[in-house]
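Below is one structure, written out as C-alpha coordinates; comments come after it.
The values are calculated or read from the model by the stated rules, or taken from the named source; none is laboratory data. Because the structure is a prediction, the values reported are computed rather than measured. Note that each Cβ is placed from the backbone with ideal geometry, even for glycine, and that neighbours are counted across all protein chains shown. The protein model used for the area step is the full one, side chains on, heavy atoms only, and it has no ligands, DNA or RNA in it. Shrake-Rupley method; radii C 1.70, N 1.55, O 1.52, S 1.80 Å.
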Amino acid sequence: MAKRTPGLRFQPSGGARTAPLPVGRKQVLTIERLAHDGRGIAFVDGRTWFVSGTLAGEQVEARVLGARNRVVDARAERILAASPLRRVEPCAHAGRCGGCTLQALPHAEQLALKQRTLAEQLARFADLAPEEWAPPLVGPEFGYRRRARIAVRWDVAARRLEVGFRAAASQAIVAIDDCPVLVRPLQSILRALPALLHGLDRPQALGHVELFHGNASAILVRHTAPLADSDLLRLRAFCREHAAQLWLQGKGEAQADSPGTPLGYRLEPWSLELRYRPGDFVQVNAPVNEAMVAQALEWLAPQPGERVLDLFSGLGNFALPLALRAREVVAVEGGAAMVERGRENALGNGLGNLHFYQADLSEALAEAPWTAGGFAAVLLDPPRDGALEAVREMGALGAERVLYVSCNPATLARDAAELAGQGYRLRRAGILDMFPQTAHVEAMALFEARSVSR
(Lines give C-alpha, C1' and ligand atoms only; values in the text may rest on other atoms or scores of the structure.)
Protein backbone atom coordinates (compact mmCIF):
# COMPACT_ATOMS: atom_id res chain seq x y z
CA MET A 1 0.00 0.00 0.00
CA ALA A 2 1.46 3.33 -1.03
CA LYS A 3 1.70 6.42 1.07
CA ARG A 4 -0.59 9.24 -0.04
CA THR A 5 0.94 12.03 -2.06
CA PRO A 6 -0.27 15.60 -1.79
CA GLY A 7 -2.96 16.54 -4.31
CA LEU A 8 -4.17 19.90 -5.51
CA ARG A 9 -4.15 22.76 -3.00
CA PHE A 10 -7.41 24.69 -2.74
CA GLN A 11 -8.41 27.71 -0.73
CA PRO A 12 -10.44 26.84 2.40
CA SER A 13 -14.20 26.87 1.84
CA GLY A 14 -15.24 28.14 5.25
CA GLY A 15 -16.10 31.69 6.27
CA ALA A 16 -18.40 34.24 4.73
CA ARG A 17 -19.49 33.96 1.14
CA THR A 18 -17.48 36.10 -1.24
CA ALA A 19 -19.02 38.73 -3.47
CA PRO A 20 -19.90 37.40 -6.94
CA LEU A 21 -17.48 37.97 -9.78
CA PRO A 22 -19.05 39.32 -12.99
CA VAL A 23 -18.43 37.43 -16.23
CA GLY A 24 -15.90 39.34 -18.31
CA ARG A 25 -13.96 40.83 -15.40
CA LYS A 26 -10.20 40.75 -15.91
CA GLN A 27 -7.65 39.77 -13.27
CA VAL A 28 -3.86 39.49 -13.17
CA LEU A 29 -2.89 36.05 -11.85
CA THR A 30 0.20 33.94 -11.17
CA ILE A 31 -0.30 30.32 -12.14
CA GLU A 32 0.94 27.86 -9.52
CA ARG A 33 0.48 24.58 -11.37
CA LEU A 34 -1.67 22.75 -13.89
CA ALA A 35 -4.84 20.92 -12.93
CA HIS A 36 -5.62 17.45 -14.26
CA ASP A 37 -7.61 18.93 -17.14
CA GLY A 38 -4.65 21.08 -18.24
CA ARG A 39 -5.95 24.41 -16.93
CA GLY A 40 -3.71 26.56 -14.76
CA ILE A 41 -4.53 27.05 -11.07
CA ALA A 42 -4.15 30.38 -9.26
CA PHE A 43 -5.31 31.70 -5.88
CA VAL A 44 -6.56 35.23 -5.23
CA ASP A 45 -8.62 36.62 -2.34
CA GLY A 46 -9.84 33.26 -1.11
CA ARG A 47 -10.81 32.03 -4.56
CA THR A 48 -9.38 29.19 -6.65
CA TRP A 49 -9.04 30.13 -10.30
CA PHE A 50 -8.92 27.59 -13.14
CA VAL A 51 -7.44 29.33 -16.16
CA SER A 52 -7.28 27.84 -19.65
CA GLY A 53 -4.39 28.70 -21.96
CA THR A 54 -1.76 28.95 -19.22
CA LEU A 55 1.32 27.11 -17.98
CA ALA A 56 2.75 26.76 -14.49
CA GLY A 57 4.76 29.79 -13.31
CA GLU A 58 3.21 32.23 -15.78
CA GLN A 59 1.77 35.62 -14.97
CA VAL A 60 -1.33 36.27 -17.04
CA GLU A 61 -4.27 38.59 -17.45
CA ALA A 62 -7.36 36.37 -17.34
CA ARG A 63 -11.01 37.00 -18.13
CA VAL A 64 -13.78 35.46 -15.98
CA LEU A 65 -15.99 32.97 -17.83
CA GLY A 66 -18.04 31.98 -14.79
CA ALA A 67 -17.82 31.79 -10.99
CA ARG A 68 -19.39 29.65 -8.28
CA ASN A 69 -18.69 31.21 -4.88
CA ARG A 70 -14.96 30.45 -4.43
CA VAL A 71 -14.24 28.66 -7.74
CA VAL A 72 -13.66 30.74 -10.88
CA ASP A 73 -13.45 29.54 -14.47
CA ALA A 74 -11.35 31.87 -16.61
CA ARG A 75 -9.38 32.14 -19.82
CA ALA A 76 -6.03 33.82 -20.37
CA GLU A 77 -6.35 37.02 -22.43
CA ARG A 78 -2.67 37.99 -22.31
CA ILE A 79 0.53 36.25 -21.20
CA LEU A 80 2.42 38.87 -19.19
CA ALA A 81 5.35 36.62 -18.21
CA ALA A 82 5.65 33.36 -20.14
CA SER A 83 6.95 30.04 -18.86
CA PRO A 84 10.32 29.02 -20.37
CA LEU A 85 8.51 25.82 -21.41
CA ARG A 86 5.96 27.63 -23.58
CA ARG A 87 6.28 26.84 -27.28
CA VAL A 88 4.63 28.35 -30.34
CA GLU A 89 1.38 26.46 -30.81
CA PRO A 90 1.48 24.50 -34.07
CA CYS A 91 -2.21 25.02 -34.88
CA ALA A 92 -3.46 28.41 -36.08
CA HIS A 93 -6.73 27.84 -34.21
CA ALA A 94 -5.14 27.19 -30.79
CA GLY A 95 -6.85 29.10 -28.01
CA ARG A 96 -10.14 29.33 -29.91
CA CYS A 97 -10.89 25.72 -30.84
CA GLY A 98 -11.70 23.61 -27.79
CA GLY A 99 -10.08 20.44 -29.09
CA CYS A 100 -6.35 20.63 -28.25
CA THR A 101 -5.69 22.50 -25.02
CA LEU A 102 -2.03 21.55 -24.37
CA GLN A 103 -0.36 22.64 -27.61
CA ALA A 104 1.75 25.28 -25.85
CA LEU A 105 3.33 22.56 -23.70
CA PRO A 106 6.14 20.42 -25.18
CA HIS A 107 5.11 16.81 -25.67
CA ALA A 108 7.44 15.48 -22.95
CA GLU A 109 5.80 17.85 -20.48
CA GLN A 110 2.35 16.76 -21.64
CA LEU A 111 3.32 13.18 -20.82
CA ALA A 112 4.65 14.22 -17.41
CA LEU A 113 1.35 15.98 -16.62
CA LYS A 114 -0.63 12.88 -17.55
CA GLN A 115 1.67 10.68 -15.50
CA ARG A 116 1.20 12.95 -12.46
CA THR A 117 -2.56 12.90 -12.96
CA LEU A 118 -2.67 9.10 -12.90
CA ALA A 119 -0.35 8.85 -9.88
CA GLU A 120 -2.29 11.49 -7.92
CA GLN A 121 -5.66 9.88 -8.62
CA LEU A 122 -4.43 6.44 -7.56
CA ALA A 123 -2.95 7.87 -4.38
CA ARG A 124 -5.93 10.09 -3.55
CA PHE A 125 -8.81 7.69 -4.19
CA ALA A 126 -7.18 4.29 -3.64
CA ASP A 127 -4.08 4.98 -1.52
CA LEU A 128 -2.19 2.94 -4.12
CA ALA A 129 0.90 3.11 -6.28
CA PRO A 130 1.96 0.36 -8.70
CA GLU A 131 4.89 -1.86 -7.88
CA GLU A 132 6.24 -0.87 -11.29
CA TRP A 133 5.58 2.20 -13.47
CA ALA A 134 5.65 1.41 -17.18
CA PRO A 135 6.98 3.99 -19.64
CA PRO A 136 4.26 5.88 -21.53
CA LEU A 137 2.93 4.38 -24.74
CA VAL A 138 3.34 7.10 -27.36
CA GLY A 139 2.78 7.66 -31.05
CA PRO A 140 2.93 10.65 -33.41
CA GLU A 141 2.22 14.07 -31.85
CA PHE A 142 0.20 15.11 -34.89
CA GLY A 143 -1.54 13.44 -37.81
CA TYR A 144 -2.90 10.64 -35.62
CA ARG A 145 -6.65 11.14 -35.38
CA ARG A 146 -8.69 8.91 -37.72
CA ARG A 147 -12.13 10.14 -36.62
CA ALA A 148 -13.51 13.65 -36.26
CA ARG A 149 -16.94 15.19 -35.72
CA ILE A 150 -17.54 18.47 -37.55
CA ALA A 151 -20.07 20.80 -35.96
CA VAL A 152 -22.64 22.23 -38.39
CA ARG A 153 -25.31 24.77 -37.45
CA TRP A 154 -27.69 26.91 -39.47
CA ASP A 155 -27.83 30.46 -38.08
CA VAL A 156 -31.47 31.41 -38.65
CA ALA A 157 -30.99 35.12 -37.97
CA ALA A 158 -27.95 35.51 -40.23
CA ARG A 159 -29.22 32.91 -42.73
CA ARG A 160 -25.82 31.28 -43.00
CA LEU A 161 -24.21 27.96 -42.16
CA GLU A 162 -21.53 27.65 -39.49
CA VAL A 163 -18.99 24.84 -40.00
CA GLY A 164 -16.05 23.92 -37.74
CA PHE A 165 -15.22 22.68 -34.26
CA ARG A 166 -16.69 23.73 -30.93
CA ALA A 167 -14.93 26.65 -29.29
CA ALA A 168 -13.15 26.35 -25.96
CA ALA A 169 -15.58 26.65 -23.03
CA SER A 170 -18.43 27.55 -25.37
CA GLN A 171 -21.05 26.16 -27.72
CA ALA A 172 -19.86 28.60 -30.39
CA ILE A 173 -18.43 27.09 -33.58
CA VAL A 174 -14.95 28.07 -34.72
CA ALA A 175 -14.64 28.06 -38.51
CA ILE A 176 -11.85 25.56 -39.24
CA ASP A 177 -10.64 24.12 -42.51
CA ASP A 178 -7.35 22.68 -41.27
CA CYS A 179 -6.61 20.40 -38.30
CA PRO A 180 -3.04 19.10 -37.80
CA VAL A 181 -4.06 16.23 -35.51
CA LEU A 182 -6.11 14.53 -38.24
CA VAL A 183 -4.58 11.80 -40.39
CA ARG A 184 -3.58 13.18 -43.78
CA PRO A 185 -6.46 11.73 -45.84
CA LEU A 186 -8.94 13.46 -43.51
CA GLN A 187 -6.98 16.73 -43.55
CA SER A 188 -7.49 17.03 -47.30
CA ILE A 189 -11.21 16.30 -46.92
CA LEU A 190 -11.57 18.86 -44.13
CA ARG A 191 -9.90 21.58 -46.16
CA ALA A 192 -12.49 21.23 -48.94
CA LEU A 193 -15.53 20.42 -46.78
CA PRO A 194 -16.66 23.92 -45.68
CA ALA A 195 -16.94 25.16 -49.28
CA LEU A 196 -19.03 22.11 -50.17
CA LEU A 197 -21.41 22.53 -47.25
CA HIS A 198 -21.77 26.30 -47.73
CA GLY A 199 -22.72 25.66 -51.35
CA LEU A 200 -25.62 23.30 -50.62
CA ASP A 201 -29.13 24.37 -51.64
CA ARG A 202 -30.71 23.23 -48.37
CA PRO A 203 -28.04 23.49 -45.64
CA GLN A 204 -30.76 23.80 -42.98
CA ALA A 205 -31.21 20.02 -43.27
CA LEU A 206 -27.73 19.26 -41.92
CA GLY A 207 -27.18 18.02 -38.37
CA HIS A 208 -23.46 17.29 -38.22
CA VAL A 209 -20.75 15.65 -40.31
CA GLU A 210 -18.30 12.95 -39.22
CA LEU A 211 -15.07 11.89 -40.92
CA PHE A 212 -13.56 8.41 -40.69
CA HIS A 213 -10.43 6.73 -41.98
CA GLY A 214 -9.37 3.10 -41.83
CA ASN A 215 -9.12 0.78 -44.80
CA ALA A 216 -11.09 3.53 -46.58
CA SER A 217 -12.10 7.11 -45.89
CA ALA A 218 -15.77 7.85 -45.19
CA ILE A 219 -17.99 10.87 -44.63
CA LEU A 220 -21.15 10.54 -42.56
CA VAL A 221 -23.77 13.26 -43.10
CA ARG A 222 -26.32 13.42 -40.31
CA HIS A 223 -29.47 15.19 -41.51
CA THR A 224 -32.57 16.33 -39.62
CA ALA A 225 -34.70 16.69 -42.78
CA PRO A 226 -34.58 15.08 -46.24
CA LEU A 227 -31.64 16.26 -48.33
CA ALA A 228 -32.34 18.04 -51.60
CA ASP A 229 -31.63 15.88 -54.67
CA SER A 230 -29.18 18.50 -55.90
CA ASP A 231 -27.34 18.43 -52.56
CA LEU A 232 -27.14 14.64 -52.62
CA LEU A 233 -25.55 14.82 -56.08
CA ARG A 234 -22.99 17.35 -54.78
CA LEU A 235 -22.14 15.13 -51.80
CA ARG A 236 -21.66 12.11 -54.06
CA ALA A 237 -19.41 14.03 -56.41
CA PHE A 238 -17.34 15.34 -53.47
CA CYS A 239 -16.88 11.81 -52.11
CA ARG A 240 -15.81 10.49 -55.51
CA GLU A 241 -13.27 13.31 -55.80
CA HIS A 242 -11.80 12.50 -52.38
CA ALA A 243 -12.03 8.68 -52.69
CA ALA A 244 -14.37 8.53 -49.70
CA GLN A 245 -17.51 6.57 -48.96
CA LEU A 246 -20.72 8.54 -48.33
CA TRP A 247 -22.90 7.50 -45.40
CA LEU A 248 -26.23 9.11 -44.58
CA GLN A 249 -28.13 9.11 -41.31
CA GLY A 250 -31.64 10.39 -40.71
CA LYS A 251 -33.72 9.00 -37.85
CA GLY A 252 -32.32 5.47 -37.89
CA GLU A 253 -28.90 3.85 -38.17
CA ALA A 254 -26.39 5.23 -40.64
CA GLN A 255 -26.59 3.69 -44.11
CA ALA A 256 -24.02 3.58 -46.90
CA ASP A 257 -25.19 5.63 -49.89
CA SER A 258 -23.96 2.92 -52.23
CA PRO A 259 -22.38 -0.52 -51.85
CA GLY A 260 -18.63 -0.51 -51.39
CA THR A 261 -15.77 -1.89 -49.34
CA PRO A 262 -16.98 -2.35 -45.74
CA LEU A 263 -15.38 0.11 -43.33
CA GLY A 264 -12.72 -1.44 -41.19
CA TYR A 265 -9.20 -1.31 -39.79
CA ARG A 266 -6.40 -3.83 -39.45
CA LEU A 267 -4.48 -4.93 -36.42
CA GLU A 268 -1.43 -5.61 -38.56
CA PRO A 269 0.81 -7.45 -36.05
CA TRP A 270 -1.89 -10.15 -35.72
CA SER A 271 -3.21 -10.07 -39.34
CA LEU A 272 -6.70 -9.26 -38.07
CA GLU A 273 -9.37 -7.18 -39.83
CA LEU A 274 -12.12 -5.50 -37.80
CA ARG A 275 -15.16 -4.11 -39.57
CA TYR A 276 -17.28 -1.31 -38.18
CA ARG A 277 -20.02 1.15 -39.08
CA PRO A 278 -20.22 4.90 -38.41
CA GLY A 279 -21.39 5.29 -34.84
CA ASP A 280 -19.45 2.27 -33.55
CA PHE A 281 -16.71 2.99 -31.04
CA VAL A 282 -13.25 2.82 -32.62
CA GLN A 283 -10.03 4.05 -30.99
CA VAL A 284 -9.03 7.25 -32.81
CA ASN A 285 -5.25 6.69 -32.70
CA ALA A 286 -4.24 3.66 -34.78
CA PRO A 287 -0.50 3.50 -33.81
CA VAL A 288 -1.19 3.83 -30.09
CA ASN A 289 -4.09 1.39 -30.36
CA GLU A 290 -1.80 -1.29 -31.81
CA ALA A 291 0.82 -0.58 -29.13
CA MET A 292 -1.91 -0.75 -26.47
CA VAL A 293 -3.14 -4.14 -27.69
CA ALA A 294 0.43 -5.47 -27.79
CA GLN A 295 1.08 -4.27 -24.23
CA ALA A 296 -2.21 -5.75 -23.03
CA LEU A 297 -1.22 -9.15 -24.40
CA GLU A 298 2.22 -8.88 -22.84
CA TRP A 299 0.94 -7.86 -19.41
CA LEU A 300 -2.08 -10.17 -19.21
CA ALA A 301 -0.03 -13.05 -20.72
CA PRO A 302 -2.92 -15.34 -21.70
CA GLN A 303 -1.88 -18.98 -21.89
CA PRO A 304 -3.00 -21.61 -24.45
CA GLY A 305 -4.99 -23.54 -21.85
CA GLU A 306 -6.73 -20.55 -20.23
CA ARG A 307 -10.23 -19.13 -20.44
CA VAL A 308 -10.21 -15.31 -20.66
CA LEU A 309 -12.99 -12.76 -20.17
CA ASP A 310 -13.11 -9.45 -22.10
CA LEU A 311 -15.63 -6.99 -20.64
CA PHE A 312 -16.83 -3.91 -22.58
CA SER A 313 -15.46 -5.71 -25.62
CA GLY A 314 -16.89 -3.49 -28.38
CA LEU A 315 -15.93 -4.69 -31.86
CA GLY A 316 -13.34 -7.10 -30.46
CA ASN A 317 -10.31 -4.81 -30.47
CA PHE A 318 -8.79 -6.82 -27.59
CA ALA A 319 -10.88 -9.99 -27.84
CA LEU A 320 -9.68 -11.02 -31.30
CA PRO A 321 -5.94 -10.86 -30.47
CA LEU A 322 -6.63 -12.57 -27.12
CA ALA A 323 -8.35 -15.42 -28.95
CA LEU A 324 -5.10 -16.09 -30.83
CA ARG A 325 -3.40 -16.85 -27.50
CA ALA A 326 -6.04 -18.37 -25.19
CA ARG A 327 -8.08 -21.57 -25.26
CA GLU A 328 -11.35 -19.61 -25.12
CA VAL A 329 -12.31 -15.94 -24.93
CA VAL A 330 -15.70 -14.74 -23.74
CA ALA A 331 -16.42 -11.17 -24.89
CA VAL A 332 -19.24 -9.18 -23.30
CA GLU A 333 -20.73 -5.87 -24.46
CA GLY A 334 -23.88 -3.94 -23.55
CA GLY A 335 -25.13 -2.98 -27.01
CA ALA A 336 -26.80 -5.55 -29.27
CA ALA A 337 -25.42 -3.95 -32.45
CA MET A 338 -21.84 -4.08 -31.18
CA VAL A 339 -22.26 -7.71 -30.07
CA GLU A 340 -23.44 -8.60 -33.57
CA ARG A 341 -20.51 -6.71 -35.09
CA GLY A 342 -18.13 -8.55 -32.76
CA ARG A 343 -19.55 -11.91 -33.79
CA GLU A 344 -19.12 -10.97 -37.44
CA ASN A 345 -15.50 -10.01 -36.78
CA ALA A 346 -14.81 -13.29 -34.98
CA LEU A 347 -16.35 -15.24 -37.86
CA GLY A 348 -14.56 -13.17 -40.51
CA ASN A 349 -11.21 -13.88 -38.87
CA GLY A 350 -11.89 -17.60 -38.35
CA LEU A 351 -11.87 -17.46 -34.54
CA GLY A 352 -14.14 -20.25 -33.35
CA ASN A 353 -12.91 -19.97 -29.76
CA LEU A 354 -14.24 -16.41 -29.37
CA HIS A 355 -17.83 -16.00 -28.15
CA PHE A 356 -19.70 -12.69 -27.83
CA TYR A 357 -22.55 -12.06 -25.38
CA GLN A 358 -24.76 -9.11 -24.53
CA ALA A 359 -25.15 -8.05 -20.89
CA ASP A 360 -25.77 -4.94 -18.81
CA LEU A 361 -22.34 -4.51 -17.24
CA SER A 362 -23.62 -2.00 -14.68
CA GLU A 363 -25.37 -4.93 -12.95
CA ALA A 364 -24.11 -8.06 -11.18
CA LEU A 365 -22.70 -10.75 -13.47
CA ALA A 366 -22.84 -13.78 -11.19
CA GLU A 367 -26.06 -15.19 -12.67
CA ALA A 368 -24.92 -14.95 -16.31
CA PRO A 369 -24.48 -18.44 -17.79
CA TRP A 370 -21.18 -17.53 -19.45
CA THR A 371 -19.56 -17.01 -16.03
CA ALA A 372 -19.81 -20.73 -15.26
CA GLY A 373 -16.37 -22.23 -14.94
CA GLY A 374 -14.68 -18.92 -14.13
CA PHE A 375 -11.73 -17.26 -15.84
CA ALA A 376 -7.99 -17.24 -15.33
CA ALA A 377 -7.68 -13.67 -16.60
CA VAL A 378 -10.01 -10.72 -17.22
CA LEU A 379 -9.58 -7.62 -19.38
CA LEU A 380 -11.80 -4.57 -18.85
CA ASP A 381 -12.03 -1.51 -21.12
CA PRO A 382 -14.98 0.44 -19.67
CA PRO A 383 -16.33 3.91 -20.53
CA ARG A 384 -15.58 6.96 -18.37
CA ASP A 385 -17.89 5.93 -15.52
CA GLY A 386 -15.76 2.84 -14.90
CA ALA A 387 -16.67 -0.74 -14.04
CA LEU A 388 -17.42 -0.86 -10.31
CA GLU A 389 -20.07 -3.60 -10.46
CA ALA A 390 -17.85 -5.75 -12.65
CA VAL A 391 -14.71 -5.42 -10.52
CA ARG A 392 -16.68 -6.37 -7.42
CA GLU A 393 -16.94 -9.86 -8.90
CA MET A 394 -13.34 -10.44 -9.96
CA GLY A 395 -12.56 -12.65 -6.99
CA ALA A 396 -15.75 -14.67 -7.46
CA LEU A 397 -14.85 -15.25 -11.12
CA GLY A 398 -11.54 -16.77 -10.02
CA ALA A 399 -9.44 -14.28 -12.00
CA GLU A 400 -5.74 -14.47 -11.15
CA ARG A 401 -4.91 -11.49 -13.37
CA VAL A 402 -7.03 -8.42 -14.16
CA LEU A 403 -6.02 -5.92 -16.82
CA TYR A 404 -7.89 -2.61 -16.61
CA VAL A 405 -7.75 -0.19 -19.57
CA SER A 406 -9.13 3.19 -18.53
CA CYS A 407 -10.11 6.49 -20.13
CA ASN A 408 -10.70 8.12 -16.73
CA PRO A 409 -8.04 7.91 -13.98
CA ALA A 410 -10.55 8.88 -11.28
CA THR A 411 -12.83 5.88 -11.88
CA LEU A 412 -9.81 3.64 -12.44
CA ALA A 413 -8.59 4.68 -8.97
CA ARG A 414 -12.02 4.05 -7.42
CA ASP A 415 -12.19 0.58 -8.98
CA ALA A 416 -8.56 -0.12 -8.03
CA ALA A 417 -9.49 0.41 -4.39
CA GLU A 418 -12.22 -2.21 -4.77
CA LEU A 419 -9.78 -4.67 -6.34
CA ALA A 420 -7.25 -4.04 -3.57
CA GLY A 421 -9.98 -4.81 -1.04
CA GLN A 422 -10.44 -8.20 -2.71
CA GLY A 423 -6.77 -9.01 -2.30
CA TYR A 424 -5.38 -7.92 -5.66
CA ARG A 425 -2.13 -6.00 -5.80
CA LEU A 426 -1.43 -3.28 -8.35
CA ARG A 427 1.44 -4.89 -10.16
CA ARG A 428 2.03 -2.41 -12.99
CA ALA A 429 0.52 0.77 -14.46
CA GLY A 430 1.24 3.37 -17.12
CA ILE A 431 -0.34 5.98 -19.34
CA LEU A 432 -1.40 5.61 -22.97
CA ASP A 433 -1.00 8.81 -24.98
CA MET A 434 -4.06 8.22 -27.14
CA PHE A 435 -4.82 11.95 -27.50
CA PRO A 436 -1.62 14.06 -27.82
CA GLN A 437 -2.08 17.84 -27.44
CA THR A 438 -4.99 17.27 -25.03
CA ALA A 439 -5.18 16.67 -21.29
CA HIS A 440 -7.18 13.48 -21.80
CA VAL A 441 -5.50 10.61 -19.91
CA GLU A 442 -5.82 6.94 -20.82
CA ALA A 443 -4.12 4.33 -18.69
CA MET A 444 -3.49 0.62 -18.29
CA ALA A 445 -3.17 -1.18 -14.96
CA LEU A 446 -2.41 -4.81 -14.20
CA PHE A 447 -3.73 -6.36 -10.97
CA GLU A 448 -2.64 -9.76 -9.73
CA ALA A 449 -4.12 -11.91 -7.00
CA ARG A 450 -1.71 -11.99 -4.09
CA SER A 451 -1.45 -15.78 -4.44
CA VAL A 452 0.12 -15.35 -7.89
CA SER A 453 3.92 -15.55 -7.85
CA ARG A 454 5.95 -13.20 -10.05
>> Given (1) crowded, with 19+ Cβ neighbours inside 10 Å; (2) not in a loop (DSSP other than H, G, I, E, B), identify the lone condition not met by residue 287.
In response: (1)
> Of the residues in the range 330-347, how many are surrounded by 16 or more Cβ atoms within 10 Å (Cβ to Cβ), part of a helix (DSSP H, G or I) and aliphatic (A, V, I, L, M)?
Replying inline: 3
> Considering only the range 29-81, how many residues are among the polar types (S, T, N, Q) and either open to solvent by 40 Å² or more (accessible area, probe 1.4 Å) or not in a strand (DSSP E or B) (or both)?
Replying inline: 4
> In the range 358-375, how many residues are open to solvent by 70 Å² or more (accessible area, probe 1.4 Å) and either under 24 Å from the mean Cα position of the chain (by Cα) or under 20 Å from residue 279 (Cβ atoms) (or both)?
Replying inline: 4
>> Suppose we keep only residues that are more than 27 Å from residue 107 (Cβ to Cβ) and in contact with a Leu (Cβ under 9 Å, 6 or more places away or on another chain) within the range 142-177. Which one would you say is surrounded by the fewest Cβ atoms within 10 Å (Cβ to Cβ)?
In response: 155
>> Among the numbered criteria (1) open to solvent by less than 60 Å² (accessible area, probe 1.4 Å); (2) closer than 20 Å to residue 107 by Cα; (3) of a type in the set (A, V, I, L, M), which one does residue 85 miss?
In response: (1)
> Across the range 274-284, what is the total count of residues that are closer than 24 Å to residue 375 by Cβ, open to solvent by 10 Å² or more (accessible area, probe 1.4 Å) and over 17 Å from the mean Cα position of the chain (by Cα)?
Replying inline: 0
>> Please go through the range 256-272 and give me each residue that is at pLDDT 95 or above, of a type in the set (Ser, Thr, Tyr) and surrounded by fewer than 16 Cβ atoms within 10 Å (Cβ to Cβ), ordered by number.
In response: 271
>> With closer than 30 Å to residue 288 by Cβ, assigned to a helix (DSSP H, G or I) and either within 21 Å of the chain's Cα centre (by Cα) or not assigned by the TED database to the domain that holds residue 434 (or both) as the only criterion, which of 245, 204, 187 stands out?
In response: 187
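Results for (1) among the polar types (S, T, N, Q); (2) touching an Asp or Glu at 6+ places or on another chain (Cβ under 9 Å); (3) under 19 Å from residue 148 (Cβ atoms), shown as yes or no for each residue.
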site: 196; (1), (2), (3): no, no, yes
site: 221; (1), (2), (3): no, yes, yes
site: 234; (1), (2), (3): no, yes, no
site: 243; (1), (2), (3): no, no, yes
> From 318, 238, 212, 312, which residue is surrounded by 17 or more Cβ atoms within 10 Å (Cβ to Cβ), farther than 27 Å from residue 434 by Cβ, modelled with pLDDT of 95 or more and aromatic (Phe, Trp, Tyr)?
Replying inline: 238
> When you scan the range 297-309, how many residues do you find that are surrounded by fewer than 21 Cβ atoms within 10 Å (Cβ to Cβ) and touching a residue at least 40 places away in the same chain (Cβ under 8 Å)?
Replying inline: 5
> Of the residues that make up the range 242-255, is at least one closer than 25 Å to residue 91 by Cβ and either open to solvent by less than 30 Å² (accessible area, probe 1.4 Å) or in contact with a Lys or Arg (Cβ under 8 Å, 6 or more places away or on another chain) (or both)?
Replying inline: yes
